[in-house]
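What follows is calculated from the coordinates using simple rules that are stated; it is not laboratory data. The structure displayed is predicted, hence computed values, not measured ones. Cβ sites come from the backbone with ideal geometry, for glycine too, and all protein chains shown count toward neighbours.
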Amino acid sequence: MFTAITHSQIYVLDQNEALDFYVGKLGLEVHSDVDFGAIRWLTVNVPGHPDRQILLEAPGGPAMSGETAREVRELLTKGATGGSLIFSTDDCQATYESLRARGVEFTEEPTKRPYGIDAALRDPFGNSIRFTQLKE
């Protein structure tokens with residue numbers, strides 16, 4: 001049976017802008033950036049953890065028709081595609097401060113929860129991102 005989750009996928013409107021955000025602001029690293037002609041296979045991962053990658057996929061062919069790609073792009077800009085990522089951190093407040101200093105805008109400041117402390121933001125395309133410092 002299965003032994004791991006190796007890739008997760010989210011839609012982005014512009015893969016170069018996604019690189020600027022996920023690598024330049026969030027501090028992830030590029031794992032793969034391959035031009036297959038019809039698609040660009042672009043994955044990032046948390047530094048030192050290449051076993052779990054995020055595919056930053058632009059909606060379009062050959063996986064979907066032009067009409068469907070337009071609909072997905074429209075839903076994405078509304079934050080309605082359901083794309084979501086949750087990262088862990090050892091210090092939620094320090095991570096929040098570091099990301100704010102890099103120009104990241106938040107939808108929720110660090111907040112104490114029954115399970116720890118977490119904060120929320122959206123990427124430039126509307127995908128939801130949370131990071132959590134779990135209780136010890």
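Figures for the structure shown
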{"item": "For G82, net neighbour charge (Lys/Arg +1, Asp/Glu -1) across residues whose Cβ lies under 15 Å away", "result": "0"}
{"item": "Computed FRET value (nearest 0.05) for W41 with E109, which takes r as the C-beta separation and R₀ as 35 Å", "result": "0.50"}
{"item": "A69-D20 FRET efficiency (beta carbon distance; Förster radius 22 Å; 0.05 resolution)", "result": "0.50"}
{"item": "DSSP-defined antiparallel bridges as percent of all bridges, the chain, nearest 5", "result": "65 percent"}
{"item": "The chain - convex hull of the alpha-carbon atoms, volume per residue in Å³", "result": "138 Å³"}
{"item": "Cα gyration tensor category, rounded, prolate or oblate, for segment 8-72 with a/c compared to 1.5", "result": "prolate"}
{"item": "Residues of segment 101-136 with amide N under 18 Å of the 7 Å Cα→Cβ point at Q93", "result": "101, 108-120, 131-136"}
{"item": "For peptides 123-131, 38-46, 89-97, 101-109, sequence by mean Cβ density within 10 Å, most packed first", "result": "123-131, 38-46, 89-97, 101-109"}
{"item": "log10 of Debye I(q)/I(0), alpha-carbon scatterers only, for segment 60-103 at 0.14, 0.18, 0.31 Å⁻¹", "result": "-0.58, -0.70, -1.02"}
{"item": "Relative contact order [Cα under 8 Å, 6+ residues apart], segment 23-125, whole percent", "result": "16 percent"}
{"item": "Dipole in debye (nearest 20) - the chain, about Cα centre, beta carbon charges: Lys, Arg +1; Asp, Glu -1", "result": "280 debye"}
{"item": "Local electrostatic count at L19 - Lys and Arg +1, Asp and Glu -1, tallied over other residues with Cβ under 11 Å", "result": "-3"}
{"item": "Three-way shape call for segment 37-89 based on the alpha-carbon gyration tensor, with the a/c threshold at 1.5", "result": "oblate"}
